Protein chains: 4
Amino acid sequence: MRWADQDPYGHVNNTQYLAYLEQARVDLFFRQAGEQGLASFERGVVIARHEIDYLRQVVYRAEPLCVELWCAAIRAASFVVEYEIYDGPAVGAPLVARARSRCVLYDLAAERPRRLDEAERAFLEAHAEPAAGAA
Amino acid sequence: MRWADQDPYGHVNNTQYLAYLEQARVDLFFRQAGEQGLASFERGVVIARHEIDYLRQVVYRAEPLCVELWCAAIRAASFVVEYEIYDGPAVGAPLVARARSRCVLYDLAAERPRRLDEAERAFLEAHAEPAAGAA
Amino acid sequence: MRWADQDPYGHVNNTQYLAYLEQARVDLFFRQAGEQGLASFERGVVIARHEIDYLRQVVYRAEPLCVELWCAAIRAASFVVEYEIYDGPAVGAPLVARARSRCVLYDLAAERPRRLDEAERAFLEAHAEPAAGAA
Amino acid sequence: MRWADQDPYGHVNNTQYLAYLEQARVDLFFRQAGEQGLASFERGVVIARHEIDYLRQVVYRAEPLCVELWCAAIRAASFVVEYEIYDGPAVGAPLVARARSRCVLYDLAAERPRRLDEAERAFLEAHAEPAAGAA
């Protein structure tokens, strides 16, 4: 979190949560996948839909939130990322939001959707169980 | 739009759209309602849920996007705002996103939900038809 | 301005002003220069330094701030943009900040500074007097 | 850093650095001072001026930048924070920016500057030597 993510009501502004979700996806699909030699997510995944339910207000503190995320609904050319955000260092902390993002594989050069390849599918299936990160 | 709303892919980042929706809500519930003597929305409405579908990528240009919004599902202590975002000066431009936000009336001092009063309900009902703004 | 540019103190956060300056530069060097057939600023100008003095707090309102800017200290490979930000629709409104940015011409492909060409120099010299925009 | 701090040029946008400086100040003046029982900085310090020199471009990576900061020019009602930002985990990494911020003690309720008290002065003097944080 950043102190200025808070708005005049003294809580983290609702628009900032999508940035926290993005950081968690970047960590999984860019950093972790990249470390396994899988760079293709970084070359083209677009967001088709977000849903987010806000369950509690969050006040800034120095310690990061915990974002747990996992993959679901893996299709030919899309998948869903599901998330839970906790106001504390780990999953036992109060749940502040639940969210899901539908992601579409996209060929940025050709400007059209593309199909998941085998390595991508295997990576998504390997992350179908909740795993925690920090935002 | 701001030029820096764009990310390294050269498109407006998906997280920024919620800020555009917020600007459209602020214009309706703070400015327009305030001009009619109705200041109570500003003292306490919280977002319980957002849903947004992204239909096209947007590239920065100087002219604002058009955000059309209207109120729906008006309940005792909540209502929904629905939106369409167009990439151009008016509603005929290409549709880039559809969204809905569930808003809960909230007593910020007492930290608990509260009921809509008559003036608020009348304002919401008067805005149940689409009307355009700019973001 | 955006409502969420405000922080928990209820004022526009100091970090947001650089975004307002950027919007004023984008309008001059990308849009206005582009309309005159001069696209080279967009292909490579980097910021080497910012200075900004904050004179008054700003509270969000729907109307844009007025940003006046002009070019100064035009050198072989750099120039300075100077700004005044007014809290109102025009230059007569209360002055809220003064700023200056040193800009360096940069070849993004070769990753090194480059010299101003004649068309760029003429554009900068034509904008050496204050002119107002909105942010 | 956040991935979306990058702009279409693929580098961290210059306007984001002020947010990194803010995070470093929040850590020192709100968190560290607060842990020592000194809450008065949080109740009122305003930024009167920023200067920042950009020395190198920064590309997003998962690891935080290192921000070193210290206090200087301690006066009756103001002080300066000086910073160096390094693109790596510690001070030996490449220096990407140098900055200074003039901070004014401010009584937010009375809306006027105020004098440093003894505890605040002692805290600033104890932090007159560079110390590293992360942003």
Inset, instruction - Please report how far the C-alpha centroid of segment D:32-49 lies from that of segment C:70-94, rounded to the nearest whole angstrom. - result: 32 Å
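How large is the helix-only mean residue ellipticity at 222 nm for chain D, computed as the sum of -39500 (n - 2.57) over DSSP H runs with n ≥ 4, divided by its residue count, in deg cm²/dmol to the nearest 500?
Values: 2 runs with 18 residues, N = 135.
The per-residue figure over chain D is -4000 deg cm²/dmol.
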Legend entry - Neighbourhood net charge (15 Å Cβ-Cβ; Lys/Arg +1, Asp/Glu -1) for residue B:125: -3
Inset, instruction - Decide, for the protein assembly as shown, between rounded, prolate and oblate: order the square roots of the alpha carbon gyration tensor eigenvalues as a ≥ b ≥ c, take rounded if a/c falls under 1.5, and otherwise choose prolate if a/b is larger than b/c, else oblate. - result: rounded
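Give, rounded to the nearest 20 debye, the magnitude of the charge dipole that segment C:3-134 has about its Cα centre when Lys and Arg contribute +1 at Cβ and Asp and Glu contribute -1 at Cβ.
With only Lys, Arg, Asp and Glu charged at Cβ, the dipole is about 340 debye.
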Legend entry - Charge context of residue A:68, other residues only, Cβ under 14 angstrom, K/R +1, D/E -1: -2
Inset, instruction - Go through segment B:98-135 and name the GluC sites (Glu not before Pro) that are in a DSSP coil and have 16 or fewer other Cβ atoms within 10 Å of their Cβ. - result: B:111
Inset, instruction - Let me know the mean shielding of B:44-50 by other chains, meaning the per-residue number of their Cβ atoms within 10 Å of its Cβ. - result: 5
Inset, instruction - Select from segment A:1-95 those trypsin sites (Lys or Arg not before Pro) which occupy a DSSP coil region and have at most 14 other Cβ atoms within 10 Å, ordered by residue number. - result: A:43, A:56, A:61, A:75
Inset, instruction - Two decimals is fine: what's Rg over Rh for segment A:37-135, C-alpha atoms, Kirkwood radius as Rh? - result: 1.03
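A short reminder: the numbers here are calculations on the coordinates, not readings from a lab. Given the structure is predicted, the values throughout are model-derived calculations rather than measurements. Ideal geometry is used to build each Cβ from the backbone, glycine not excepted, and the neighbour counts take in all protein chains shown.
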